[in-house]
1. Going through the stretch 6-75, which trypsin sites (Lys or Arg not before Pro) have at most 11 other Cβ atoms within 10 Å and a DSSP loop state?
2. Using the Cα atoms of the stretch 13-155, I'd like the radius of gyration and the largest Cα-Cα distance, Dmax, both in angstrom.
3. Let me confirm the definition first: pairs of Lys residues in the stretch 1-132, 8 or more apart or on different chains, C-alpha distance under 19 Å. How many are there?
4. Restrict the search to the stretch 131-176; then list the GluC sites (Glu not before Pro) that DSSP places in a loop and that have at most 16 other Cβ atoms within 10 Å of their Cβ.
5. Would you mind working out the magnitude of the charge dipole of the stretch 129-176 relative to its Cα centre, with +1 at each Lys and Arg C-beta and -1 at each Asp and Glu C-beta, to the nearest 20 Debye?
6. Could you tell me which residue out of I173, P19, G140 lies farthest along the dipole of the chain toward its positive end? Charges go on the beta carbon: Lys and Arg +1, Asp and Glu -1, centred on the Cα centre.
7. How big is the Kirkwood radius of the stretch 14-56, worked out from every pair of different alpha carbons and given in Å to one decimal?
8. How charged is the neighbourhood of E4? Take every other residue with its Cβ under 13 Å from the Cβ of E4, and add Lys/Arg as +1 and Asp/Glu as -1.
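Just so you know, all these numbers are worked out from the coordinates, no wet-lab data involved. None of the values given here were measured: they were computed from a predicted structure. Neighbour counts run over all protein chains shown; Cβ positions are idealised from the backbone, glycine included.
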Amino acid sequence: PVLEIRESLKVLEQKKDRPLDLEVRALNLSANLLEICLEDSSKELQKETKEIYGSAYGWALDLLQSGRALEKLKQIIAAQGGNPNVTSDSLIIGKYSLEEKADKAGTVLELNSQNITSIAKILGAPKQKGAGIYLNKKIGEKFAKDEVLYTLFSENVYNLKEGKDSLVNFPIIKYQ
């Protein structure tokens, strides 16, 4: 869970190392939702939105880049009794980790989401908030020999060992 929240916060914080694919998907989804909302809105709001932002996508982009989306998330966190001052840098991931490196150069062809879920559970997620898998490479991405493909995280060494050993039966990445 911490790895997912960290990635989301990086997008909202507009960090340089944010996952751009997540940002694009979130903007597209937000734009679609805003368009649906605008259909039932007053003609005045529809006109104003078009004049100011050009489109629902422009509106979503402005909400993200202006920091208003991040501020809204902080309000929601506070309302739920959490720490509204949380940042992507303040989140603590599992202290035990293992980088899985490529044995040859190639391209990621496939990610097995069922196996990712199984390995993440073996690592301790979701009960261990800092446990999980960080995908260093994504589908279609090229890599060199010895580049990190993914990183396993756990809050204890036993779960990390079990996760590593289970990769034989539950491979995460298929590449050529």
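1. Listed in order of number, the matching sites are K16.
2. Radius of gyration, then largest Cα-Cα span, for the stretch 13-155: 19.7, 59 Å.
3. So the count of such lysine pairs works out to 9.
4. Here the sparse-neighbourhood loop sites are E141, E147.
5. Dipole size: approximately 160 debye.
6. Checking the options against the dipole of the chain, the answer is I173.
7. About 11.6 Å for the stretch 14-56.
8. So the environment of E4 carries a net charge of +2.
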